[in-house]
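Structure first, commentary second.
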Amino acid sequence: MNFMENNQATAFKSHLDAKKKLQNEFTVNFAKGGFKWGWRVALFTTSYCGIVTMISVYRGKSSLYEYLTAGLISGALYKVNMGLKGMVAGGIIGGALGGLGGVASLLLMSMSGTTMEEVRYWQYKWKEYRDEAVVEAYKMAEEKEQPTPDIVKAHDSKVGDRITLESVK
């Protein structure tokens, strides 16, 4: 509606030009809104997950308290621009949502028979195994790419390149 009100005096050559201008306005406003909400959601989820992880690693175990605390802190930080009342409201809502997330997460963990400590242990072991595999692959690649001796280079420069099975195909 805003587009139609602001562009009443604009003369378009055809209805396709008007549709193109409308689509461009829509796309730009959609991108602005997506960016506006995107960084906020990213900040909130990063702070929430980071706080949960920091507290549970510090304590050495996972419980509902980490999720409640992380939700409370993240909610309060999200609404810091609204003053003390906004921070309190954000903290209460964040704590409630964090508690729900914590209950769901811990319930899924107990149903699967694992704990967060085991998950972190196996993540560490998988990363360690991956790093060892990468180092081993680099060693194998180095062994494969042996430098050519000078005598072979001199021979190839005088006679020509060697005929290999790959060059014949």
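How many Å² of accessible area per residue for region 66-123, probe 1.4 Å?
With the other protein chains kept in place, region 66-123 gives 62 Å² per residue.
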A 1.4 Å probe over the protein heavy atoms gives region 14-113 a carbon and sulfur accessible-area percentage of 75
Here region 120-130 yields Karplus 3J(HN,Hα) values (6.51, -1.76, 1.60; θ = phi - 60°; whole Hz; Gly and Pro given as x) of 5, 4, 6, 4, 5, 5, 5, 5, 4, 5, 4
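Just how large is the dipole of region 14-113 about the Cα centre, in debye to the nearest 20, putting +1 at every Lys and Arg Cβ and -1 at every Asp and Glu Cβ?
240
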Packing-ranked peptide list from 109-115, 97-103, highest mean Cβ count within 10 angstrom first, is 97-103, 109-115
Sorted list, accessible surface of protein heavy atoms, 1.4 Å probe, largest first, for 136, 128 is 136, 128
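The values are calculated or read from the model by the stated rules, or taken from the named source; none is laboratory data. Quick caveat: nothing in here was measured; it's all calculated off a predicted structure. Neighbour counts run over all protein chains shown; Cβ positions are idealised from the backbone, glycine included. Please note that ligands, DNA and RNA were not included when accessible areas were found on the heavy atoms of the full protein model with its side chains. Shrake-Rupley method; radii C 1.70, N 1.55, O 1.52, S 1.80 Å.
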